[in-house]
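Heads up, the thing below is written out as structure tokens.
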């Protein structure tokens, strides 16, 4: 087994799709969104050094986030990374987290609005078998404009990625699920800063251009609750509540 992993959950977004409520603490079948998102990683905790949750000071003051996380994840090695101000997007949130918490080595960066079968992804991550890997989903019946899209060759290697549109190249087109493994997260941060990136998926573009092994991990089991349409489809409920 390789070096232990850091698991990062950026949570500094404004939650616009849920009426600007703090999305990680919304309720899904009696538990918080963030508890549901972390649950698939629990069997792998022996390979995870720490779980970093990233949010803003305003969110901390409004929702008592760090104390609530300590309660939800009692017994797990968690770290609150509190940003003094909002960021321009997911990539900057990640960069500021890496800088503030001094995170290096292999890491996973995951959204808090889905619960994903991470077993195959973790097998790659714990053996550091690729430079980068992401779970991907069939786009059959899915609106492409709601997804980052990967073009994947017949070996599972990602040839190109594009946000909310199909990449203009050969390969099977699959939806990118926001749970990114990077073998060298410090190098990913350097890339964000040097190239002024917006999305975490943009990091993959440079890796692909350099010929790095960027892998698709196809999965068929996941629950998505990142917007009201997906939440209602999953639960049959018309409203979400604070847990």
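Taken as a whole, the range 99-117 holds no residue that is at pLDDT 95 or above and farther than 24 Å from residue 4 by Cβ. Quick test for you: out of 167, 143, pick the one residue that is without any contact (Cβ under 8 Å) to a residue 24 or more places away in the chain and closer than 26 Å to residue 34 by Cβ. It is 143. Against the numbered list (1) modelled with pLDDT of 90 or more; (2) farther than 26 Å from residue 96 by Cα; (3) surrounded by 16 or more Cβ atoms within 10 Å (Cβ to Cβ); (4) under 16 Å from the mean Cα position of the chain (by Cα), residue 218 comes up short only at (3). For residue 162, the conditions (1) at pLDDT below 95; (2) exposed (fewer than 15 other Cβ atoms within 10 Å of the Cβ) all hold with the exception of (2). Among the criteria (1) in a helix (DSSP H, G or I); (2) out of contact with any strand residue (DSSP E or B) (no Cβ under 7 Å at 6 or more places or on another chain); (3) at pLDDT 95 or above, the one residue 62 does not fulfil is (3).
Note on the range 16-25: among residues that are closer than 14 Å to residue 62 by Cα and at pLDDT below 90, the one that is surrounded by the most Cβ atoms within 10 Å (Cβ to Cβ) is 23.
Under 6 Å between Cβ atoms, which residue pairs at least 6 apart in sequence (or on different chains) link something in the range 1-22 that is closer than 18 Å to residue 129 by Cβ with a partner that is modelled with pLDDT of 70 or more and part of a loop (DSSP other than H, G, I, E, B)? Listed pairs, sorted by first residue: 2/128; 3/105; 3/106; 5/106; 6/103.
For residue 50, the conditions (1) under 24 Å from residue 134 (Cα atoms); (2) in contact with a strand residue (DSSP E or B) (Cβ under 6 Å, 6 or more places away or on another chain); (3) buried (at least 19 other Cβ atoms within 10 Å of the Cβ) are fulfilled apart from (3).
Residue by residue, here is whether (1) farther than 24 Å from residue 37 by Cα; (2) assigned to a loop (DSSP other than H, G, I, E, B); (3) modelled with pLDDT under 95 holds:
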| site | (1), (2), (3) |
| --- | --- |
| 123 | no, no, no |
| 187 | yes, no, no |
| 194 | yes, no, no |
| 199 | no, yes, yes |
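The values are calculated or read from the model by the stated rules, or taken from the named source; none is laboratory data. None of the values given here were measured: they were computed from a predicted structure. Please note: Cβ atoms are built from the backbone with ideal geometry, for glycine as well, and neighbour counts cover all protein chains shown.
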